[in-house]
1. Among the numbered conditions (1) over 27 Å from A:I142 (Cα atoms); (2) not in a helix (DSSP H, G or I), tell me where B:R150 comes up short.
2. What number of residues within the range B:92-142 are of a type outside the set (S, T, N, Q) and not in a loop (DSSP other than H, G, I, E, B)?
3. Among the residues of the range B:175-203, count how many are without any contact (Cβ under 8 Å) to a residue 40 or more places away in the chain and crowded, with 19+ Cβ neighbours inside 10 Å.
4. Here are some residues: A:L82, A:L77. Which one is away from DNA strand D (no atom under 13 Å from the Cβ), touching a helix residue (DSSP H, G or I) at 6+ places or on another chain (Cβ under 8 Å) and assigned by TED's automatic domain parsing to the domain that holds A:W148?
5. Can you tell which of A:R160, A:R141, A:R109 is at the interface with chain B (Cβ under 8 Å from one of its Cβ atoms) and in contact with a Leu (Cβ under 6 Å, 6 or more places away or on another chain)?
2 protein chains.
Amino acid sequence: MNDLTGLQSVSQRSLPVLGEPRPERADARRNRLKVLEAAERLFAEQGVKNVSLDAIAAAAGVGKGTVFRRFGDRAGLAVALLDEREVELQARILTGPPPLGPGAPALDRVNAFLAAYVELLDRHVELFVDSENASDGARYRIGSYRLWHRHIAMLVEEARPDLDADYTAHFILAPLAADLHQALRAEGFTLARMQSGLTAAATALLTS
Amino acid sequence: MNDLTGLQSVSQRSLPVLGEPRPERADARRNRLKVLEAAERLFAEQGVKNVSLDAIAAAAGVGKGTVFRRFGDRAGLAVALLDEREVELQARILTGPPPLGPGAPALDRVNAFLAAYVELLDRHVELFVDSENASDGARYRIGSYRLWHRHIAMLVEEARPDLDADYTAHFILAPLAADLHQALRAEGFTLARMQSGLTAAATALLTS
DNA sequence: GTCTTGAGCGGACTACAGTCCGTCTTATGA
DNA sequence: TCATAAGACGGACTGTAGTCCGCTCAAGAC
């Protein structure tokens, strides 16, 4: 899954990229991996919101500054942890079998995406909530959201060329916000109910 | 606007309510007003996110504990400040003239609501962002969201009884999230474009 | 192997959100 | 008017996110 064009990974920073003058230094890479490993472990053990970045830095055996330089803030760390899972979904969309991958009608692809994404979301809600609570709407600027958006916009354009595809794609992605998902789960909504609600809505929206 | 049944105000705590044994104490009321006034002024002067609660407490001439006891947290204060404007919109929905108020077809009422809400949102984005970044998805539990939700769910039920009205209402409200609105504005979307995108989507969704 | 350079390091530091609890004020009713 | 208790007050305190900057050391040049 390393050479699929268009994938929006942040965890592969060690690969040399055109325009990035220097590859990642060995000590930097070592520390990045130590931090990710420590974070994953502590999050799993104690719940995402009960773990401070000091604790992660300590567990990784690095200074706090290192964590922040590398990941920017709490949300950045969560994004990096989710990255691997998201890249997998991205790959299935870009090159996997239909209906998630290319080849199926637009509506089917949208519905397949919604079902797959909400399942991923459900499995890692806490991490998603963390990653989306970035200081200044960073969610909407990071690579993976932009990829989901381009993907949906393309399909909207295909199914309903009369709509504003760019805006409508944001509209369709909005109900996937992690805090909403968490709140609805807490209110008793099942995953299946949300999935069928999403696909029913998308179907109504994209059928003329 | 004080006696409209169903309004979800938090700024009217001084009115005696059935089941609440004691009315607000005079010193409490005085301080609440001082804090709201100071917050409104400082937010306007320096931008919502540049003002700390210490600063508000100091400007209001009260202790920090008072601010927190009264409003719970930063989001609670933002909610209280928005409250007056939201109550006004609630009143227009519940008892105002159509299409916002009762009497118009469901789709028209939904579209009128979306246009009105997004305009309100646009006028107070920063405050809305603050109010929705509550610790634990409080947005979805506070009175005003619940009222918007009930309102939309009722109209969905009317227009498309085949859909899951409860879920679909959340779906329709999701694109009104303040952080999304702010991000799209920053990306260059105009208010008018968002309004027409919203009504187009809602129309597609609620027309069978 | 040695030198040079600049990216990386880390922990002290700042600022802020939110809590706690001893003190003080208000409302009540006798 | 005064006693009493429910409740409000406020500032010291705690814990965390995020910044800063002098020091370290990896990596490439020779």
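The values are calculated or read from the model by the stated rules, or taken from the named source; none is laboratory data. Note that the structure is predicted; figures quoted are calculated from it, not measured. Cβ sites come from the backbone with ideal geometry, for glycine too, and all protein chains shown count toward neighbours.
1. Exception for B:R150: condition (2).
2. Count: 30.
3. 7
4. A:L82
5. Within the list A:R160, A:R141, A:R109, the selection yields A:R160.
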